[in-house]
1. Looking at segment 98-139, which of the residues that are buried (at least 20 other Cβ atoms within 10 Å of the Cβ) and acidic (Asp, Glu) is farthest from residue 41 (Cα to Cα)?
2. From the list 153, 105, which residue is in a strand (DSSP E or B) and within 14 Å of the chain's Cα centre (by Cα)?
3. Name the single residue that is farthest from residue 35 (Cα to Cα) among those in segment 91-102 being among the aliphatic types (A, V, I, L, M) and in a loop (DSSP other than H, G, I, E, B).
4. What residue, among those in segment 156-187 that are modelled with pLDDT under 80 and surrounded by 19 or more Cβ atoms within 10 Å (Cβ to Cβ), is nearest to the chain's Cα centre (by Cα)?
5. Please determine, by comparing only the residues of segment 267-289 that are among the β-branched types (Val, Ile, Thr) and either touching a Leu at 6+ places or on another chain (Cβ under 7 Å) or part of a loop (DSSP other than H, G, I, E, B) (or both), which one is farthest from residue 35 (Cα to Cα).
6. Any idea which of 47, 29 is over 12 Å from residue 144 (Cα atoms) and part of a loop (DSSP other than H, G, I, E, B)?
7. Return the total of residues in segment 130-150 being within 24 Å of residue 33 (Cβ to Cβ) and part of a strand (DSSP E or B).
8. Which condition does residue 48 not pass, out of (1) crowded, with 20+ Cβ neighbours inside 10 Å; (2) more than 16 Å from the chain's Cα centre (by Cα); (3) at pLDDT 80 or above, if it passes all the others?
Amino acid sequence: MDQSSWKLNTAGTAATLEADGLHGSIDLNQPTRGFCDLAALGRKLPNWRLFAICVPSLSEPPSPGSVPCSNASPASPMLRLIDSYTRGADLIAAFRIEAVQPFDLTVCWRVVRDISGQGIGLDVIPAVNTELLDSRPEVVLWSQATGQSIWQLCAKGVWQELPATGPEPQPVSFGGREQRQSALLWRNPNNDHDATRCSHTATRNQKSAASSTPSVRTRSVPAAGAPTDEQPDRAESPAYVEMVSPNDWPSMMYRSQNARHEVWHRLFTMPLEKGVILRTRLRGMFFPTTADALRSGWESYQSLLAEPPPLTV
């Protein structure tokens, strides 16, 4: 990407992205609105917003079942923009969190291409820097998208459809340490096929209950070169996969109702010492409607895990 991918306004408070295949904007004074005004791979996505940022300590106490950022409310004055600039494919902004336990938050939005050359998306790299002993600099990133279904990567190469939730968000279960995968896929398939549950959703302690529970649809990614019955999506929006490294032990919640799907990533939830810098990386990747969404999402997730951790922004 060249230097013109991101454009900052004169005040440095708003940015627009004009990349080949991805367009959108960010209001840096109101980061809880996320990356919006989206168009991806030639399709306008008017009801989408990605990676809205908020700090729970600045939010009103949530009601039961609710989570921060659920309504994309304006940012608190205590979430103060300090600086912003562009660097090639990167947009970087620094925020000061003026809370009871103040800390600094730096966020990098980076345009990325999929290894296949078909997909395009954003890496979002948040970094926190603590000032006080026993700081809890939790940050929540929230995305909202539409699609016929939302699927969770629940084992290596195996996707499981998540059920509708109704109005209350629900936690995303990852299973044990060896099975832990942290990717969700929005897709609009022409055909799906029922299969068995992922192993961590039908453990020995759950087998008796499984017989009375409706089957959960899963799909496995065939080996490279193997035939597949996956049909190209012919929908108004491209497939989209959102992921975060499981090594950072994020916590995720989702809400799925009326073809609208939302996901919340809770980051940096552990108590930290004074002077600690932590960062992680989230990735959102779009794939064309002609792509095999399941295979593309799995390969993109593998690519993320193979990359070195972000040491700087």
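1. My answer is 123.
2. 153
3. 100
4. Filtering first and then ranking leaves 182.
5. 276
6. Step by step, each of 47, 29 is checked, and only 29 is over 12 Å from residue 144 (Cα atoms) and part of a loop (DSSP other than H, G, I, E, B).
7. Qualifying residue count, segment 130-150: 9.
8. Result: residue 48 passes all but (2).
The values are calculated or read from the model by the stated rules, or taken from the named source; none is laboratory data. Keep in mind that what you see is a predicted model, and the values were worked out from it rather than measured. FYI the Cβ positions are ideal-geometry reconstructions off the backbone, even for glycines, and counts take in every protein chain you see.
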